[in-house]
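Inspection log for the structure reproduced underneath, given as structure tokens.
The values are calculated or read from the model by the stated rules, or taken from the named source; none is laboratory data. Remember, it's a predicted structure, so these values are computed and weren't measured experimentally. Please note: Cβ atoms are built from the backbone with ideal geometry, for glycine as well, and neighbour counts cover all protein chains shown.
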Amino acid sequence: MATQSTLPPRTNGSLPRVDGPLKVTGTAKYSSDYNLPGMLYAVPVCATIASGKITKLDAAKAQAMPGVKAIYHSENIGKLFRAGPANGFSGILDEKRPPFEDNVVRYYGQYVAAVVALTFEQAVSAANAVGVTYEAAPFNVSTHFTEAEATEKPNVDSHRGDPDTAFAKAPVTIDHTYATPTETHNPIELHASVADFDGQNFTLYETTQAVCNSQDVLAQMLGVPIENVRVISRFLGSGFGGKLWPWPHALIAAQASRNLGRPVKLVVSRDMMFQNVGHRPRTQQRVRLGATPDGKLVALIHESLNHTSILDDYSEGCSEATPYSYSVANLRATSGLVRRNVGTPTSMRGPGAVPGLFATESAMDELAIALKMDPIQLRLLNEPAKDEGLNLPFSSRHFVECLHVGAEKFGWARYTPAVGSMKGAGEQAGLTLGWGVAGCSWIAERCDTSATVELLSNGNARVSCATQDIGTGTYTVLSNIVAERTGLANDRIEVVLGDTKLPAGPISGGSWATASVIPAVLDAIDKAEKTLFAIAVSSPASAFTDKEPGDLAFSEGRVHLKSSDAKSGVAFGDILTKANIRSATGQGKSAGTFGAPNRKFSQHSFGAQFAEVTWQPETARLRVSRVVTVIDGGRILNPKPARNQIEGAVVMGVGMALFEATRYDSRFGAPINNNLADYIVTTNADAPDIDVTFLDYPDLVLNPLGARGVGEIGLAGIAAAITNAVHHATGVRVRELPVRIEDLLA
Ligand code: MOS
């Protein structure tokens with residue numbers, strides 16, 4: 001069963017978060033916590049139509065109100081550029097139009113002006129007093145998509161064999177359309193920008209999952225050299241992808257600061273979060289499966305559509321996991337876009353794979369039922385020997401073991417397939433149980449990364465990198481890596497992140513940050529060690545003056561002869577102190593793998609999700625009672641934050657299955673449930689018992705520690721596992737999320 005890593009045992013066990021004390025004492029500073037001398041407050045004015053033109057903007061009354069310093073709109077915001085095409089993971093933004101670029105309104109809530117005032121309250125008050133006259137035009141926020149309205153011919157994401165013929169001839173077939181609704185990221189921390197222009201340079205405190213990308217985009221759009229922009233994001237109250245790329249409010253704050261010569265704070269309100277900073281778009285996915293009577297897949301056709309905005313092309317990428325999940329000779333996966341009058345969509349936790357797997361893993365369950373076959377058995381039968389989409393071996397795939405371990409932990413041996421056949425006992429007495437299973441997977445890659453490690457004369461180490469901790473534990477993981485390699489205690493390691501002044505680091509996205517920083521930090525330590533050895537053999541006061549650097553080793557924080565143990569050596573801080581050198585410093589680097597040419601492996605994480613629901617037909621009461629999740633996420637560097645990521649993802653998956661949906665009002669096109677009372681997310685009372693298991697196989701193709709990263713994999717597959725369980729309990733197959741009580745009353 002689960003085998004342990006072949007590497008030496010972890011030195012850190014389950015290290016609690018190194019930034020925990022700062023957070024629980026309220027001393028961790030988030031972007032909107034920065035209050036600079038002379039700072040002004042900006043508040044946007046949002047369009048009240050979903051399509052049309054601004055014919056008149058009357059700012060006179062608002063301008064005369066107390067504290068108002070400026071009211072910006074298309075006439076007076078000043079020059080803002082568009083960013084050029086992205087270069088790898090730099091220069092990316094989803095809503096490409098600079099704020100106020102023209103007088104056209106393309107979605108409800110679009111910023112049409114912004115008031116800057118001495119206080120936030122004055123700015124809010126004046127923003128309400130700005131008079132905007134519109135010429136409204138017809139708009140479309142419909143949640144019904146047709147292929148005919150796709151912007152162009154759907155893109156063929158993957159193709160092999162002859163799927164149409166194979167499907168037509170298949171003895172057993174499934175052909176259904178699944179849909180996932182618009183979902184809005186609701187991190188506790190609102191998006192915010194505190195911009196400070198000093199006459200030449202911008203210092204921008206941004207809520208961002210990617211300081212380096214923000215710096216690049218904002219410099220381009222503000223029209224200044226990149227070195228004139230510094231972006232800082234020390235702590236993030238989470239992002240879930242919504243804070244990966246910059247949004248228009250950041251430009252408004254920065255431009256206002258430049259125009260007024262004072263710092264400007266702009267905090268996006270919760271209702272604006274539903275319209276101005278992205279969302280996961282609605283997806284509509286037709287899945288056709290063809291199989292032999294004994295359960296061998298012969299055809300898989302997955303056609304998806306998602307909405308995008310009027311100006312931008314955002315593809316959710318629902319085909320992400322489709323080509324490599326199962327062995328099937330004939331496959332086609334396509335994706336297309338339809339335009340709607342909504343804000344531009346963006347990445348949301350596990351973009352593509354998460355809604356895609358809801359569709360395909362639901363279809364697999366429907367196929368198992370059609371075949372009268374156990375759903376685990378169906379998946380085992382179709383386990384691929386390689387990634388048949390890329391025709392490459394997997395770097396490390398243990399999906400079969402995930403299913404076996406999960407089945408054992410969940411108690412699948414007791415499963416009886418007939419609808420409503422399983423009854424609860426004990427606390428669950430009187431309830432019907434529903435059990436469901438789904439597979440999951442997620443991309444395992446790395447981004448370009450640089451990092452600096454300083455071994456300091458006081459015996460401490462400092463590691464710095466312009467990546468950021470979005471609440472997932474990156475401070476802790478960097479400390480773990482340095483501790484493991486140097487033998488230093490974690491309280492001797494300082495981690496510095498979230499500032500573009502530091503060596504360029506990865507985005508906190510795609511679950512790639514951990515995998516990305518490992519090789520760069522290890523390289524930095526190698527180089528620091530080399531410097532340390534050179535000092536050790538050359539410093540007159542050293543115990544190693546008669547040695548060569550090649551004779552030396554560095555472990556447990558001590559320099560010693562390779563031929564003897566660490567205890568016989570000298571603490572590295574003493575070597576530096578005697579030499580009167582402050583630090584032995586190494587600058588490490590590692591290249592990204594994403595989209596790299598000539599790749600030899602398909603790199604993904606895998607998992608199996610098991611869900612139990614309880615169903616009380618008399619009252620139509622449905623609850624998720626239990627989830628068992630088994631994750632093949634490479635070697636787990638620190639089980640504590642890793643487990644926390646998976647638990648959080650499962651909770652989010654319950655929300656995806658049962659609660660979350662942004663609804664657009666058909667009269668005005670507004671996201672109507674734009675608050676945390678009406679947009680339902682999972683709370684503690686809704687959260688099931690969650691059992692997390694990591695298989696812990698190192699993926700040494702990805703990096704020398706074999707760690708992949710586990711932010712998004714935990715969400716993938718959960719919604720399908722739950723709706724499969726809902727079907728098992730109730731006999732109702734819900735193909736359009738979320739599951740509503742009305743679906744179950746039918
Ligand atoms: Mo994640 S959607 O890549 O922040």
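Can you find a residue that is over 30 Å from Gly88 (Cα atoms) and among the charged types (D, E, K, R) anywhere in region 641-649?
Yes: one or more hits.
Within region 703-720, count every residue that is touching a Cys at 6+ places or on another chain (Cβ under 9 Å) and closer than 16 Å to Glu647 by Cβ.
6
For Leu357, only one of the following conditions fails: (1) within 16 Å of the ligand (Cβ to nearest atom); (2) out of contact with any Pro (no Cβ under 8 Å at 6 or more places or on another chain); (3) within 22 Å of Ser309 (Cβ to Cβ). What is its number?
Checking Leu357 against (1) within 16 Å of the ligand (Cβ to nearest atom); (2) out of contact with any Pro (no Cβ under 8 Å at 6 or more places or on another chain); (3) within 22 Å of Ser309 (Cβ to Cβ), the one that fails is (3).
Could you tell me how many of the residues in region 465-500 are out of contact with any strand residue (DSSP E or B) (no Cβ under 9 Å at 6 or more places or on another chain), of a type outside the set (Val, Ile, Thr) and within 16 Å of the ligand (Cβ to nearest atom)?
Count: 2.
With (1) in contact (Cβ under 8 Å) with a residue 12 or more places away in the chain; (2) over 30 Å from Tyr41 (Cβ atoms); (3) over 25 Å from the mean Cα position of the chain (by Cα) as the list, and Val116 as the residue in question, which single condition is left unmet?
(2)
For the list (1) assigned to a helix (DSSP H, G or I); (2) within 16 Å of the ligand (Cβ to nearest atom); (3) surrounded by fewer than 21 Cβ atoms within 10 Å (Cβ to Cβ), I need the number of the one condition that Ala370 fails.
(2)
Any chance region 146-159 includes a residue that's modelled with pLDDT of 95 or more, surrounded by 23 or more Cβ atoms within 10 Å (Cβ to Cβ) and under 24 Å from the mean Cα position of the chain (by Cα)?
For region 146-159, residues modelled with pLDDT of 95 or more, surrounded by 23 or more Cβ atoms within 10 Å (Cβ to Cβ) and under 24 Å from the mean Cα position of the chain (by Cα): absent.
Name the residues in region 706-727 that are within 15 Å of Gly634 (Cβ to Cβ), more than 16 Å from the ligand (Cβ to nearest atom) and buried (at least 24 other Cβ atoms within 10 Å of the Cβ), would you?
Passing the criteria: only Ala707.
Does Leu433 fit the bill of being surrounded by fewer than 24 Cβ atoms within 10 Å (Cβ to Cβ), over 28 Å from Ser238 (Cβ atoms) and touching a helix residue (DSSP H, G or I) at 6+ places or on another chain (Cβ under 7 Å)?
yes
For the subset of region 610-640 comprising residues that are surrounded by fewer than 21 Cβ atoms within 10 Å (Cβ to Cβ) and of a type in the set (S, T, N, Q), which member is farthest from Met422 (Cα to Cα)?
Thr619
Being in contact (Cβ under 8 Å) with a residue 24 or more places away in the chain and outside any loop (DSSP other than H, G, I, E, B), is that true of even one residue in region 74-85?
Within region 74-85, none of the residues are in contact (Cβ under 8 Å) with a residue 24 or more places away in the chain and outside any loop (DSSP other than H, G, I, E, B).
In region 641-699, what count of residues is obtained for those that are buried (at least 16 other Cβ atoms within 10 Å of the Cβ) and in a helix (DSSP H, G or I)?
The total comes to 18.
Okay, residues lined up against (1) surrounded by fewer than 22 Cβ atoms within 10 Å (Cβ to Cβ); (2) in contact with a Pro (Cβ under 9 Å, 6 or more places away or on another chain):
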{"position": "Ser319", "(1), (2)": "no, no"}
{"position": "Ser335", "(1), (2)": "no, yes"}
{"position": "Ser347", "(1), (2)": "no, no"}
{"position": "Gln377", "(1), (2)": "yes, no"}
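Could you count how many residues in region 560-595 are part of a strand (DSSP E or B), farther than 25 Å from Pro503 by Cβ and of a type in the set (A, V, I, L, M, F, W, C)?
Within region 560-595, residues that are part of a strand (DSSP E or B), farther than 25 Å from Pro503 by Cβ and of a type in the set (A, V, I, L, M, F, W, C) number 3.
Determine whether region 323-332 contains at least one residue that is of a type in the set (Ser, Thr, Tyr), at pLDDT 95 or above and under 17 Å from the mean Cα position of the chain (by Cα).
So far as region 323-332 goes, no, none of its residues is of a type in the set (Ser, Thr, Tyr), at pLDDT 95 or above and under 17 Å from the mean Cα position of the chain (by Cα).
Under 6 Å between Cβ atoms, at least 6 apart or on separate chains: pull out the pairs that start in region 341-352 with a residue that is farther than 25 Å from Ser51 by Cα and near the ligand (Cβ under 6 Å from one of its atoms) and end on any residue that is part of a loop (DSSP other than H, G, I, E, B) and hydrophobic (A, V, I, L, M, F, W, C).
Met348/Phe240; Arg349/Phe240; Arg349/Leu715
If I filter region 182-198 for residues that are touching a residue at least 60 places away in the same chain (Cβ under 8 Å), among the charged types (D, E, K, R), surrounded by fewer than 21 Cβ atoms within 10 Å (Cβ to Cβ) and in contact with a Pro (Cβ under 9 Å, 6 or more places away or on another chain), do I get at least one hit?
Scanning region 182-198 turns up no residue that is touching a residue at least 60 places away in the same chain (Cβ under 8 Å), among the charged types (D, E, K, R), surrounded by fewer than 21 Cβ atoms within 10 Å (Cβ to Cβ) and in contact with a Pro (Cβ under 9 Å, 6 or more places away or on another chain).
Residues in region 1-54 that are modelled with pLDDT of 90 or more and polar (S, T, N, Q): how many?
7
Anything in region 234-255 that is within 16 Å of the ligand (Cβ to nearest atom), of a type outside the set (A, V, I, L, M), at negative phi and buried (at least 24 other Cβ atoms within 10 Å of the Cβ)? List them, or say none.
Gly239, Gly242, Lys243, Trp245, Pro246, Trp247
Can you find, within region 220-233, the residue that is farthest from the ligand (Cβ to nearest atom) among those that are surrounded by 23 or more Cβ atoms within 10 Å (Cβ to Cβ) and assigned to a helix (DSSP H, G or I)?
Leu222
Picking from Ser193, Ser214, which residue would you name as being within 30 Å of Gly473 (Cβ to Cβ), part of a strand (DSSP E or B) and at pLDDT 95 or above?
Just a single option satisfies the conditions, and that option is Ser193.
For residues that are assigned to a loop (DSSP other than H, G, I, E, B) and surrounded by fewer than 22 Cβ atoms within 10 Å (Cβ to Cβ), scanning just region 501-537, find the one that is farthest from the ligand (Cβ to nearest atom).
This residue is Lys501.
Return the residues of region 302-318 that are without any contact (Cβ under 8 Å) to a residue 60 or more places away in the chain and charged (D, E, K, R); say none if nothing qualifies.
If the condition is that a residue be without any contact (Cβ under 8 Å) to a residue 60 or more places away in the chain and charged (D, E, K, R), then Glu316 is the only one that fits.
Does region 285-298 include one or more residues that are buried (at least 24 other Cβ atoms within 10 Å of the Cβ) and under 25 Å from Phe89 (Cβ atoms)?
Checking region 285-298: not a single residue is buried (at least 24 other Cβ atoms within 10 Å of the Cβ) and under 25 Å from Phe89 (Cβ atoms).
Go through the residues of region 695-717 one by one and say whether even a single one is of a type in the set (Ser, Thr, Tyr) and either out of contact with any His (no Cβ under 6 Å at 6 or more places or on another chain) or over 30 Å from Pro393 (Cβ atoms) (or both).
no
Kindly check whether there is at least one residue in region 225-239 that is of a type in the set (Phe, Trp, Tyr), closer than 23 Å to Leu40 by Cα and in contact (Cβ under 8 Å) with a residue 60 or more places away in the chain.
yes
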